[in-house]
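Undergrad: So that we are looking at the same thing, I have put the structure below in structure tokens.
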Amino acid sequence: MTSSKWLAVLVAAVTLVIGVAACGSSDDDTSRGSSGGGDLSGSIRIDGSSTVAPLTEAVAEQFMAENSGVRVTVGTSGTGGGFEKFCAGETDISDASREIEPEEVEACKKGGVGYKDVHIATDALTVMINNENPVSCLTVDQLAAIWGPDSKINNWSEIPDLKESYDEELALFGPGTDSGTFDYFTESINGEEGVTRKDYNNVGEDDNATVKGVEGSPGGMGYAGFSYYTENEGSLKALEVDNGKGCVPPSVDTAQDGSYAPLSRPLFIYPSEQALQKPEVKAFIAYYLENVGSVAESLGFVPLTEEQLSESEAAAKKIGA
């Protein structure tokens, strides 16, 4: 079953469970969470992507405000680091800025952790540069020349076929190797996951350090999730990317239609099957899916389109959900 089909099935199942619980409640039960889950209590442990974390944190804050008996904690170990904890049974949900990889699938099997993947938003992974920089667009080949493992480019003037003249030393900023953003960028730009030049400012899982580094360096360049750019728009510039069909800026529209290639990507949460046995986790996932569109838009994420949601619902109906 695809993640889109499972998403619709999960919503239907959670609605049914909550509806049954509500029917069985006594008339004098006045302490209910807004999600309809009754007297929800317990804890939900989430870790993973620093790109997805601001979205999950915002949803979690709203959920806890309406369900005061539940505590939701959100860590940022990176997508890879999050899956390590998740497959060891240490967390209930894993935030991810890429799909789970074969070695992680095997680790979850060994750990006895079943899971489901839920597409919750889209990202336009953004290459950011300093406001003083006159460059507006780079090709994928030029980005690969800069970030490739054998790159000797240390000045903007050394970038091949650069249209603008800019004599400024490069100052590169990017995430660490546990980051799904690192995995996605290196594979999309350099052609192989994890392959990159080593002499860049490795910020680990602190994407705000990339923003500050680029903002403070005339020759700065760094990459992070689209929300980190939109939050700081005006303090730095977003490069347009030419993948052979002309220069395309990162935006909601270009991420949703896929024209911002190859740096448009889906964002996920992975709840474990074990965690979904707990009422508070089921209620949280239902709440997440019901509210993620408006929350994503308010935080500068790229929300799923109505068409994507409709397609998921239609697909679920076809399988009898």
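Please treat every number below as a calculation from the coordinates, not as lab data. Treat the numbers as computed from the prediction; the structure is a model and nothing was measured. Neighbour counts run over all protein chains shown; Cβ positions are idealised from the backbone, glycine included.
Undergrad: For S179, what charge total do you get from the other residues with a beta carbon under 11 Å from its beta carbon, if Lys and Arg give +1 and Asp and Glu give -1?
TA: -4
Undergrad: Where in the stretch 116-145 does the amide nitrogen come within less than 17 Å of the point 7 Å from the Cα of D257, taken along Cα to Cβ?
TA: 123-124
Undergrad: Figure the gain on full extension for D167 and R71 (residue separation times 0.36 nm, minus the Cα-Cα span) and round it to one decimal in nm.
TA: 29.4 nm
Undergrad: Okay, moving on. Let me know the Rg and Dmax you get for the stretch 27-149 when you use only its Cα atoms, in Å.
TA: 19.6, 68
Undergrad: Report the gain in length on full extension from K110 to S235: 0.36 nm times residue separation, minus Cα-Cα distance, nm rounded to one decimal.
TA: Working it through step by step, the gained length comes to 40.4 nm.
Undergrad: Is the shape of the stretch 158-247 best called rounded, prolate or oblate, per the rule: a/c under 1.5 gives rounded, else a/b larger than b/c gives prolate, else oblate, with a ≥ b ≥ c the square roots of the Cα gyration tensor eigenvalues?
TA: Here the stretch 158-247 falls in the rounded category.
Undergrad: What does the charge add up to near S259, with Lys and Arg as +1, Asp and Glu as -1, over the other residues with Cβ less than 13 Å from its Cβ?
TA: With Lys, Arg at +1 and Asp, Glu at -1, the net is -3.
Undergrad: Next question, about the same structure. By per-residue mean of other Cβ atoms within 10 Å, what is the highest-first order of 185-193, 100-108?
TA: Packing proxy ranking, top to bottom: 185-193, 100-108.
Undergrad: Within the stretch 95-187, list the trypsin sites (Lys or Arg not before Pro) lying in a DSSP loop whose Cβ has at most 14 other Cβ atoms in a 10 Å radius.
TA: K152, K163
Undergrad: For S43 and E101, what is the calculated FRET efficiency with R₀ set at 25 Å and r taken between the beta-carbons, to the nearest 0.05?
TA: The computed FRET efficiency comes out at 0.35.
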